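Novice: Attaching a single structure in structure tokens format; questions to follow.
The values are calculated or read from the model by the stated rules, or taken from the named source; none is laboratory data. Please read these numbers as outputs of a predicted model, since none were measured by experiment. Positions of Cβ are backbone-derived with ideal geometry, glycine not excepted, and every protein chain shown enters the neighbour counts.
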């Protein structure tokens with residue numbers, strides 16, 4: 001009986017983690033004042049290259065490194081176009097989504113090579129097997145649900161916390177935030193804007209790539225079917241950045257909320273039949289409602305936060321987001 | 001700032017809706033092999049996705065057309081004209097048809113349901129070209145027909161395999177991950193046929209259907225299969241969705257499974273029993289051959305015998321080879337059921353049920369008069385009455401048969 005609840009919570013975490021990677025990555029990008037709509041494509045590229053390299057080498061570290069590097073390279077392309085060549089960020093981002101997903105299909109099913117079978121990559125499979133955290137994983141329900149996951153789940157949370165510390169507590173983070181708020185002012189203080197933007201957008205994109213890799217590993221990586229593994233999660237991440245109000249700490253909670261609703265699509269009936277008194281009503285809610293709810297909540301959060309920021313005069317959104325910085329305009 | 005934010009949100013929500021709804025596929029490779037025929041017969045095809053896909057719906061049709069043309073000695077490089085990625089929009093389909101007509105096509109295939117109106121109009125406008133539309137319901141009595149297959153017959157056979165497995169492992173719970181349920185006759189008839197097959201072998205079997213309300217989300221397909229195993233204790237997982245995730249889950253969880261569309265044994269070597277599969281080339285060869293050999297396009301409808309719904313008999317549908325994971329009786333029972341359907345003696349949705357009995361080596365089948373009931377206790381077909389396969393072909397089937405439980 002309790003088992004259903006545990007599995008429900010466990011799967012929320014499974015679902016949330018790729019979103020957490022992608023959201024953290026996009027928050028870093030947006031804090032530097034760039035809006036990268038290419039999350040979906042960036043994740044797809046990191047997923048396919050990281051997965052295949054990891055299988056070839058039969059090693060999780062290789063998979064992580066290659067997915068980070070491949071996606072960072074996609075981030076670099078975004079930088080070249082928007083920072084060096086001053087192209088429109090929205091259009092560049094959308095292009096990256098299209099091309100990234102196309103690269104995924106080309107490499108994944110298009111080349112038609114005999115890719116390694118994930119099942120047979122014993123060391124890689126062992127690398128992402130669930131780890132029980134001592135003591136904590138013994139707690140009933142919550143232990144199994146939150147403290148018995150694979151290493152990539154914990155890594156995502158660690159990254160989210162580290163990024164928050166970086167932004168809030170280090171001078172590098174402060175300079176980056178300054179660039180996102182007012183690049184002209186940061187420039188006049190001697191901050192190397194181009195270097196900062198390149199490095200952070202590449203790092204953010206690399207983190208998105210690990211999110212994509214996570215999805216591939218979690219699903220046992222088959223290239224059958226006409227849909228990409230990422231299948232729209234990159235877009236949800238862009239919405240989540242707003243939902244999380246550009247804070248990676250909020251993103252941990254925000255991704256959990258998104259994961260909660262999406263997992264309910266599958267678990268509404270099991271929960272309703274197991275706990276008929278308290279959750280029986282779930283069975284009569286159409287599944288489409290659960291998939292729409294996170295977006296409705298995002299809109300509400302946006303409205304509330306914009307009312308709040310109008311009153312207090314400050315918002316967490318980087319002021320200069322989406323605007324290319326051109327030094328001679330200063 | 002507010003303007004920008006609202007722009008972002010609007011575009012994100014729109015894109016998310018768009019991209020999660022229908023994942024796009026664009027992939028490369030796979031060269032067409034050219035036949036050596038000297039015929040000047042030109043085949044046209046309009047695809048919803050790309051001829052370069054490596055899996056999925058368009059891929060299956062493209063392979064079917066290429067295979068059929070090769071069998072007929074037609075060169076697939078010079079004599080096959082394709083319009084890829086044509087959306088279900090009358091105007092765009094019309095343009096694609098005009099282009100193919102301009103390239104001298106003698107027969108044009110449209111593989112997606114939404115091409116239906118444009119095809120019906122074009123058939124009147126171009127009386128010298130043969131038009132064939134898949135999965136639709138319109139036709140004229142001259143140069144325009146529609147075609148589809150009785151995949152439910154193959155589903156029934158897969159159901160038998162699942163039923164025997166459930167007996168062998170002593171677990172009556174069978175799971176079924178489905179993109180949609182009673183909303184579409186295509187998914188609903190598949191579930192029903194599968195359940196009837198399973199219960200012909202194991203009358204106590206229950207088919208738990210988990211709908212995910214979308215095509216193509218592998219994560220949801222995976223979770224749905226996991227729930228079927230963990231919550232409902234299913235020992236066999238069948239599927240009607242895009243990816244092999246349910247089979248991979250079956251493999252991981254140590255249960256069994258029936259795939260769909262392609263032989264998924266390589267995805268789940270220890271779990272897979274068999275999968276219903278399509279052989280579209282059967283129809284394409286028949287259609288192209290008929291059109292090639294006739295004096296006038298206006299004779300097509302008569303010559304091909306009207307609208308086409310091939311089943312096991314024609315080879316249009318089948319199941320992938322049974323793996324060693326199957327229970328020992330499965331192969332014999334499936335052969336018996338197949339023979340009854342191939343000969344036309346019996347069909348799935350009728351008032352006659354098949355009952356299998358006996359050990360491996362001596363499996364027998366008995367035809368029993370038994371009303372076809374839905375899972376709310378209503379009689380669909382009275383005992384002994386004929387098949388209602390029309391409701392599958394015309395798309396009106398919208399109920400689950402007895403033994404099916406919707407779990408979502």
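Novice: Condition test on residue B:141, is it at pLDDT below 95 and under 24 Å from the mean Cα position of the chain (by Cα)?
Specialist: No; evaluated as a whole, the condition is false for this residue.
Novice: With the condition kept exactly as written, say whether any residue in region A:125-142 is within 12 Å of chain B (Cβ to nearest Cβ), assigned to a loop (DSSP other than H, G, I, E, B) and either in contact (Cβ under 8 Å) with a residue 60 or more places away in the chain or farther than 19 Å from residue A:211 by Cβ (or both).
Specialist: Within region A:125-142, one or more residues are within 12 Å of chain B (Cβ to nearest Cβ), assigned to a loop (DSSP other than H, G, I, E, B) and either in contact (Cβ under 8 Å) with a residue 60 or more places away in the chain or farther than 19 Å from residue A:211 by Cβ (or both).
Novice: Here is a further query. Over 30 Å from residue B:342 (Cβ atoms) and not in a helix (DSSP H, G or I): which single residue out of B:119, B:41 fits that description?
Specialist: B:41
Novice: Mind checking which residues of region B:221-244 are over 24 Å from residue B:153 (Cα atoms), facing chain A (nearest Cβ under 7 Å) and out of contact with any strand residue (DSSP E or B) (no Cβ under 8 Å at 6 or more places or on another chain)?
Specialist: Selection gives B:222, B:223, B:230, B:231.
Novice: Is it the case, given these coordinates, that residue A:235 is in a loop (DSSP other than H, G, I, E, B) and closer than 23 Å to residue A:159 by Cβ?
Specialist: For residue A:235, the condition - in a loop (DSSP other than H, G, I, E, B) and closer than 23 Å to residue A:159 by Cβ - is not met.
Novice: Here are some conditions: (1) crowded, with 21+ Cβ neighbours inside 10 Å; (2) modelled with pLDDT under 95; (3) more than 14 Å from chain A (Cβ to nearest Cβ). Residue B:153 meets all but one. Which one does it not meet?
Specialist: Evaluating residue B:153 over (1) crowded, with 21+ Cβ neighbours inside 10 Å; (2) modelled with pLDDT under 95; (3) more than 14 Å from chain A (Cβ to nearest Cβ) leaves (2) as the failure.
Novice: Something else now. Just the residues that are away from chain A (no Cβ under 14 Å) and surrounded by fewer than 20 Cβ atoms within 10 Å (Cβ to Cβ), please, taken from region B:266-278.
Specialist: Within region B:266-278, no residue meets the criteria.
Novice: Of the residues A:230, A:321, A:242, A:252, which single one is assigned to a helix (DSSP H, G or I), surrounded by 20 or more Cβ atoms within 10 Å (Cβ to Cβ) and touching a residue at least 24 places away in the same chain (Cβ under 8 Å)?
Specialist: Within the list A:230, A:321, A:242, A:252, the selection yields A:242.
Novice: For region B:104-116, enumerate the residues that are part of a helix (DSSP H, G or I) and crowded, with 19+ Cβ neighbours inside 10 Å.
Specialist: Result: B:115, B:116.
Novice: Moving on to the next point. Report yes if residue B:154 is in contact with a helix residue (DSSP H, G or I) (Cβ under 7 Å, 6 or more places away or on another chain) and touching a residue at least 40 places away in the same chain (Cβ under 8 Å), otherwise no.
Specialist: For residue B:154, the condition - in contact with a helix residue (DSSP H, G or I) (Cβ under 7 Å, 6 or more places away or on another chain) and touching a residue at least 40 places away in the same chain (Cβ under 8 Å) - is not met.
Novice: If we scan region B:95-103, do we find a residue that is touching a helix residue (DSSP H, G or I) at 6+ places or on another chain (Cβ under 6 Å) and either part of a loop (DSSP other than H, G, I, E, B) or within 30 Å of residue B:260 (Cβ to Cβ) (or both)?
Specialist: Scanning region B:95-103, I find no residue that is touching a helix residue (DSSP H, G or I) at 6+ places or on another chain (Cβ under 6 Å) and either part of a loop (DSSP other than H, G, I, E, B) or within 30 Å of residue B:260 (Cβ to Cβ) (or both), so the answer is no.
Condition check ((1) modelled with pLDDT under 95; (2) more than 9 Å from chain A (Cβ to nearest Cβ); (3) in contact with a strand residue (DSSP E or B) (Cβ under 7 Å, 6 or more places away or on another chain)) across all residues:
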residue	(1), (2), (3)
B:191	no, yes, yes
B:196	no, yes, yes
B:199	no, yes, no
B:204	no, yes, no
B:208	no, yes, yes
B:213	yes, no, no
B:216	yes, no, no
B:219	yes, no, no
